[in-house]
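Below is one structure; the comments refer to it alone.
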Amino acid sequence: MSTVLESKHDAVRADDSHVVRLSVNLAPSVAEALKSTAAKQGITITEAIRRAVALWKMVSEATAKNQRIMIVEGTGDKAQYKEIFFL
């Protein structure tokens, strides 16, 4: 079974028959943010990591092309745009 986070960019796939086990060290606050965000979404921590990597990849590719990343709040004439800057 494969899991895909779809985007306009290349998808990040996880094939359950070919996985790599990783160990990471996270600050307690980061670990808690990961766990609570995954729980709110009703997904596993593994799936949360997959989605985070897919998003990071998409953002990295966009910024490499000098594209801008925005959050849009509202619609039409009331829309407000917030640009996200990455260091």
Rounded to 0.05, the calculated FRET efficiency for the beta carbons of Thr44 and Lys78 at R₀ = 41 Å is 0.65
Glu83: net charge of surrounding residues, Cβ under 14 Å, Lys/Arg +1, Asp/Glu -1, itself excluded?
+1
For the His18, Val59 Cβ pair and Förster radius 22 Å, calculated FRET efficiency rounded to 0.05 is 0.30
Which order results if Ser60, Ser29 are arranged by neighbouring Cβ count within 10 Å, fewest first?
Ser29, Ser60
Neighbour net charge for Thr44 - beta-carbon separation under 11 angstrom, K R +1, D E -1
+2
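Throughout, read-outs are computed from the coordinates displayed, never taken from laboratory work. The structure displayed is predicted, hence computed values, not measured ones. Heads up, the Cβs are rebuilt from the backbone with ideal geometry, glycines too, and the neighbour counts pull from every protein chain shown.
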